[in-house]
1. Out of segment B:98-199, which trypsin sites (Lys or Arg not before Pro) are coil in DSSP terms and have no more than 16 other C-beta atoms within 10 Å?
2. With solvent modelled as a 1.4 Å probe, how much accessible area in total do chains A and B shield from it at their shared surface, in Å² to the nearest 100?
3. Check segment B:17-129 and count each lysine pair with an alpha-carbon distance under 23 angstrom, considering only pairs eight or more places apart or from different chains.
4. Could I have the simple spin-label model distance between A:GLU10 and B:ALA120, label points 7 Å from Cα toward Cβ, reported in nm to one decimal?
5. Helix by helix through chain B, keep the DSSP H runs that span 15 Å or more along the axis on Cα and average at least 0.5 on Kyte-Doolittle, and give those back in order.
6. Going by the alpha-carbon gyration tensor, a ≥ b ≥ c the square roots of its eigenvalues, is segment B:351-412 rounded (a/c under 1.5) or, if a/c is not under 1.5, prolate (a/b greater than b/c) versus oblate?
7. Using a 1.4 angstrom probe on protein heavy atoms only, which residues from segment B:37-71 are buried by at least 30 Å² of accessible area when all chains are present rather than their own chain alone?
8. Could you pull out the trypsin sites (Lys or Arg not before Pro) across segment B:318-412 that fall in loop regions by DSSP (anything but H, G, I, E, B) with no more than 12 other Cβ atoms inside 10 Å?
Amino acid sequence: MSLTQEEIFEKVKKVIVEGLGVSEDLVKMESSYTDDLGADSLDTVELVMALEEEFGTEIADEDAEKLTTVTKTVEFILSKN
Amino acid sequence: MSTKRVVITGMGTLNPSGNSVEEFWTSLKSGKSNISLIDEFDVSRYSTRFAGLIKNYDFEQILDKKECRRLSKFILFGYAATVEAIKQSGLNIEEHAEDIGVEIGSGIGGIDVLEKMTIALHERGPSKVSPFTVPMMIIDMISGFISIKTGAKGPNASSVSACASGCHAMGNAFQMIKNGKAKAMITGGSESAITPIGLASFCAAKSLSQDNDNYQTASKPFDLNRTGFVMGEGAGILVFEELEFAQKRGATILAEVTGFGSSGDAYHITAPAPEGEGGARAMKIALEDASIEPRNIDYINAHGTSTKMNDMNETAAIKSTFKDHAHDVAISSTKSITGHLLGAAAAIEAIASILMIQNNIIIPTINYNTPDPDCDLNYTPNKTVEKEINTIMSNSFGFGGHNAVIIIKQYA
């Protein structure tokens with residue numbers, strides 16, 4: 001059963017809140033990990049690993065590099081869904 | 001260049017005998033063992049199933065959830081002790097940032113993290129290894145992390161010399177201030193090696209007591225029937241300061257560090273040199289550094305691990321160093337109560353010794369029942385002794401033949 005965009009966003013948000021220790025209301029579709037959510041390069045690697053766990057999927061390094069915002073992440077997962 | 005006097009203005013600890021200096025002292029005075037059965041992982045196939053463990057401490061009191069998740073245990077322990085030590089010292093780090101350094105030791109560092117990540121690598125592949133593995137694992141990150149949290153921008157490094165790590169860290173911090181390279185140093189040691197691989201490794205080396213049925217009396221330094229050491233975990237942190245700097249800011253001075261000595265055995269990877277030759281040299285160097293004679297030492301906090309080899313050779317080393325005074329000086333091993341905290345041992349033992357100086361009470365070697373002809377000095381068996389203590393010596397010896405000795409006295 002495939003997930004809707006809204007369902008994916010909620011799951012991604014949960015992973016971000018837990019991984020980056022930011023409050024839920026800060027995480028918006030347009031948020032950038034580094035500019036808006038204070039993530040550094042190690043944080044983003046860990047975030048991608050947590051997303052792989054959450055969605056039971058593998059994200060290749062060249063794809064992971066492009067996932068700089070919540071929107072891009074949700075769209076990527078939707079495309080693999 | 002004239003050298004500076006170095007004093008101690010803050011202490012903090014998290015160890016099997018207490019989650020603060022106050023709890024630690026209460027526990028030491030009660031003279032009861034703080035060793036318990038390991039319940040954090042399945043130990044049913046281990047030859048040793050007990051240790052001195054940290055219990056009931058909530059790290060989220062001092063760090064946020066994300067930080068706790070991204071730190072290995074030895075850094076959490078060390079940071080908790082640092083918070084307590086800095087609070088007692090009243091040191092304003094921001095105001096003197098570049099003059100305040102950090103030098104903390106650990107024997108093994110983040111072995112808990114290395115172990116978990118090795119399992120992840122083996123079972124699920126390299127993509128499952130956390131990007132925080134290296135920063136969580138490396139020993140020097142304890143000093144790095146504490147500088148990040150406190151803002152201390154002075155000299156920053158870690159000392160590694162197995163079970164002497166904490167003493168080398170304090171010795172280096174002492175020399176740094178003595179030689180005018182820093183005004184204050186956050187120093188001490190931290191260790192969290194009670195993990196499946198840590199325990200299995202020490203079991204394999206036959207270093208540990210296997211007296212699982214009598215685990216609370218298994219750590220029995222200098223007793224004829226001693227069978228090995230008992231692992232412990234935790235941290236001890238002290239704030240060392242240049243005397244004038246501490247006086248100027250009106251700090252309460254707890255004690256003074258007056259000497260440090262270190263040496264290498266050049267003998268064997270784990271066994272001490274015969275007659276404790278290297279340890280004896282470190283004691284002599286420390287006495288010379290403090291410009292005192294053996295008879296000026298009122299108490300020795302022994303390395304006293306409860307292994308056959310250490311206790312026998314340390315006794316020989318005390319005899320060759322102290323000569324006539326060897327039989328008079330009060331000695332004890334607080335490891336009989338706390339277990340052996342490896343790289344953190346020297347730091348919690350310095351704290352214990354300072355508390356003894358402040359209270360004029362000697363904490364005994366507990367579990368001492370049967371004298372060993374090779375260990376025939378005054379180990380202060382089983383009962384606390386009230387005695388004026390002005391100057392103490394604390395010994396630490398590590399695998400690899402590292403010997404470190406620190407001398408601390410009442411501030412006057």
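The values are calculated or read from the model by the stated rules, or taken from the named source; none is laboratory data. A quick note: this is a predicted structure, and the numbers were derived from the prediction, not measured. Neighbour counts run over all protein chains shown; Cβ positions are idealised from the backbone, glycine included. Ligands, DNA and RNA are stripped out before the accessible areas are found, and what is left, the full protein with its side chains, is counted by its heavy atoms. Shrake-Rupley method; radii C 1.70, N 1.55, O 1.52, S 1.80 Å.
1. Passing both the DSSP loop test and the Cβ count: B:LYS153, B:LYS181.
2. Counting both chains, the buried surface is close to 900 Å².
3. Lysine pairs satisfying the spacing and distance rule in segment B:17-129 number 17.
4. Between A:GLU10 and B:ALA120, the simple spin-label model gives 2.8 nm.
5. B:73-89, B:345-359
6. Verdict is oblate for segment B:351-412.
7. B:LYS66, B:ARG69, B:ARG70
8. Listed in order of number, the matching sites are B:LYS383.
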